[in-house]
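The values are calculated or read from the model by the stated rules, or taken from the named source; none is laboratory data. Please read all numbers here as calculations on a predicted model, not as lab measurements. Note that each Cβ is placed from the backbone with ideal geometry, even for glycine, and that neighbours are counted across all protein chains shown.
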Amino acid sequence: MTFEEIQQKLQTKFPQGIQGVEDTVPEKSLKINPSEIVAVIRFMKEEMQFETLGDLCGLDYPALSSSCVAYHLQSYTHKKVVRLKCYLPRENASIDSLTCLFKAADWLEREAFDMFGIHFNGHPDLRRILCPEDWVGHPLRKDYQTPDYYNGMPVPLYFDNSTEPASGSAKT
Amino acid sequence: MSTTHERVEGHLSQSLDNLRTDELLLNMGPQHPSTHGVLRVVVTTDGEIVKAAKPEIGYLHRCFEKHSENVDYMGVAPYVDRLDYLASMNNAMGWAIAVEGMVGIEVPRRAEFIRVIVAELQRIASHLMSFGTYGLDMGAFTAFMFGFRDREMILDILEMLSGARLLYNYMWIGGVSRDITPEAIEKIKTFLDYFEPKIDEYNTLLSFNKIFVERTKNVGVIDVETCHTYGLTGVMLRGCGVKWDLRKEVPYSIYKEVEFDVPVGSGEMGTLGDCWDRHIVRMREMKESVRIVRQLIDNIPSGPHRGKVGKVVKVPAGESFSRTECPRGELAFYIVSDGSAKPFRVRCKSPCFLNISTLDELTRGVMVADLIATIGSLDIVLGEVDR
């Protein structure tokens, strides 16, 4: 099953759901309407043999002023991975949770929330997973500033990238 | 007049009625030898029965993904070694393949041979670690010593090649950092001759040991449905009878030229997909790895060990999701490049992260000792869970 066939099949089933194709190399991605993401993935899981959620992660595009969630659906039958992307507004981004379809989404969505502040509606236990519960900010956002203090302890800065404009002013 | 026995019985039932039963919240870890690293499991127990086991992770979070956005593509490679520090070579190979796929770098055949040999040796080392520590978890100390003794030999070989024992920075984009030497080839051959019969010995020692089998059979059973919904891959998936190995199904590097079998669990000792099945899959995979290395070691073609790659790797704008089969499952790198020297976004999908997320479901209602058996059989490395 090629990418074009998958796109065709989804396009027929969800005329409003597919917003287009991102023509990136070496792999293309499908742009999905965020409000239909659960329906699209349910269809892919149940009718198109995409059995597994290979990965779910967030992305931050300050230039487009949007956050994004990238889903990688994995099929053992077709030996294929398909990437679906949902673009959300950058501030107060929220999207429906996939936990009703894949249990893997539970932790993966928690990580996306932790790192990007994307809210997943209907997630049973949406809290931070890698950072401490009382951490401020979402570290993988491009405009993230490392706080000087955490609970009164100075946060060490090993190197400073603030002079370089390319990757924002992240200090690590 | 009642007998002594009846009196004791009556007393016992009376005291049981008055007994206050309460659930106990137990913190296992983050500093605990049987959690294999800094994992904390918040266990709710009712006596010896586990009611819930919630893993708390993040103690080893080193911001790999954030670091990657601040260094160039070559600079990420040493960080990648530190994800799954027991299988650095496999991780680094995954990263190299991901970047090479985006740029379109041709890797010389000699480098491909060296890569696969080294990756398979690393797989053996990683499985030996799993074998040893799992034995230790189950109370068998000798297995641990044997596992470490043989792993040390592999580490010596890898040190000969790369100059480091654990974190090698050996697989560079476009090839490997140093060429393989004739002495190293000899040493690998000697090791294979020594090691292959040892696998059977270890199986006799541990895998088919009555006590070990009793501890691990019918424990932590996973079925295919659970695997799919949790996205489990690698040994977890093969342990429940699914013949899926990326090296076979979606071959990368030169894996399609070598012959090897994919061992799967069959429920030999108990239920299909239990801890014992996962253990034996790892043991049998070591044998297959030996077989792969044997096929390659005598036929390494001559040529350069690294392709033509500039000092700074220029990755064209694009997105790639590249998977490789690591000892713990499918490790994937999702790279988004905007055409600049540094990656726009690097996402590491770690198999251990998903493996450990099943813990709560697998251990609900089991004994505390079975919880240890289950954690051990998941074979997690916290460096990869937390990244």
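Would you check if there is a residue in segment B:197-217 being within 30 Å of B:E106 (Cα to Cα) and touching a helix residue (DSSP H, G or I) at 6+ places or on another chain (Cβ under 6 Å)? Checked segment B:197-217: no residue is within 30 Å of B:E106 (Cα to Cα) and touching a helix residue (DSSP H, G or I) at 6+ places or on another chain (Cβ under 6 Å). Note on segment B:75-107: residues that are free of Cβ contacts under 8 Å to residues at least 40 places away in the same chain and of a type in the set (F, W, Y) total 1. Only a single criterion out of (1) out of contact with any helix residue (DSSP H, G or I) (no Cβ under 9 Å at 6 or more places or on another chain); (2) over 25 Å from B:A143 (Cα atoms); (3) surrounded by 14 or more Cβ atoms within 10 Å (Cβ to Cβ) is not satisfied by B:I173, namely (1). Restricting attention to segment B:239-292, the residues that are in contact with a Lys or Arg (Cβ under 9 Å, 6 or more places away or on another chain), touching a residue at least 40 places away in the same chain (Cβ under 8 Å) and closer than 18 Å to B:G135 by Cβ total 9. Restricting to segment A:71-107, name every residue that is in a loop (DSSP other than H, G, I, E, B) and touching a residue at least 12 places away in the same chain (Cβ under 8 Å). Scanning segment A:71-107 gives A:Y76, A:T77, A:H78, A:R90, A:N92, A:A93, A:S97, A:L98, A:T99, A:C100, A:L101, A:F102. Applying the criterion of being free of Cβ contacts under 8 Å to residues at least 60 places away in the same chain and buried (at least 21 other Cβ atoms within 10 Å of the Cβ) to the residues of segment A:118-129, the residue that is farthest from B:H67 (Cα to Cα) is A:F120. Can you name every residue in segment B:67-86 that is farther than 17 Å from B:A341 by Cβ and within 11 Å of chain A (Cβ to nearest Cβ)? Within segment B:67-86, none qualify. Residue count for segment A:4-23 satisfying the condition of being within 21 Å of the chain's Cα centre (by Cα) and within 27 Å of B:D338 (Cα to Cα): 9. Scan segment A:108-157 residue by residue and report those that are of a type in the set (F, W, Y), assigned by TED's automatic domain parsing to the domain that holds A:V38 and part of a strand (DSSP E or B). Matches in segment A:108-157: A:F120 only. Of everything in segment B:305-361 that is part of a strand (DSSP E or B) and charged (D, E, K, R), the residue that is farthest from the other protein chains (Cβ to nearest Cβ) is B:R306.
Before we move on, is A:A104 among the aliphatic types (A, V, I, L, M), more than 24 Å from B:D338 (Cβ to Cβ) and surrounded by 21 or more Cβ atoms within 10 Å (Cβ to Cβ)? Spelling it out, A:A104 is indeed among the aliphatic types (A, V, I, L, M), more than 24 Å from B:D338 (Cβ to Cβ) and surrounded by 21 or more Cβ atoms within 10 Å (Cβ to Cβ). Could you tell me how many of the residues in segment B:194-238 are in a loop (DSSP other than H, G, I, E, B) and without any contact (Cβ under 8 Å) to a residue 24 or more places away in the chain? Of the residues in that region, 1 qualify. Can you find a residue in segment B:242-250 that is of a type in the set (D, E, K, R) and crowded, with 20+ Cβ neighbours inside 10 Å? Scanning segment B:242-250 turns up at least one residue that is of a type in the set (D, E, K, R) and crowded, with 20+ Cβ neighbours inside 10 Å.
Looking only at segment A:46-60, how many residues end up being touching a residue at least 40 places away in the same chain (Cβ under 8 Å) and within 11 Å of chain B (Cβ to nearest Cβ)? First the steps, then the outcome.
Within segment A:46-60, the subset touching a residue at least 40 places away in the same chain (Cβ under 8 Å) is A:48, A:52-53, A:55-60.
Next cut, within 11 Å of chain B (Cβ to nearest Cβ) only: A:52-53, A:55-60.
Selection size over segment A:46-60: 8.
Starting from residues that are in a strand (DSSP E or B) and among the small types (G, A, S), keep the ones in segment A:1-37 and report whichever is surrounded by the fewest Cβ atoms within 10 Å (Cβ to Cβ). Checking each candidate, the answer is A:G20.
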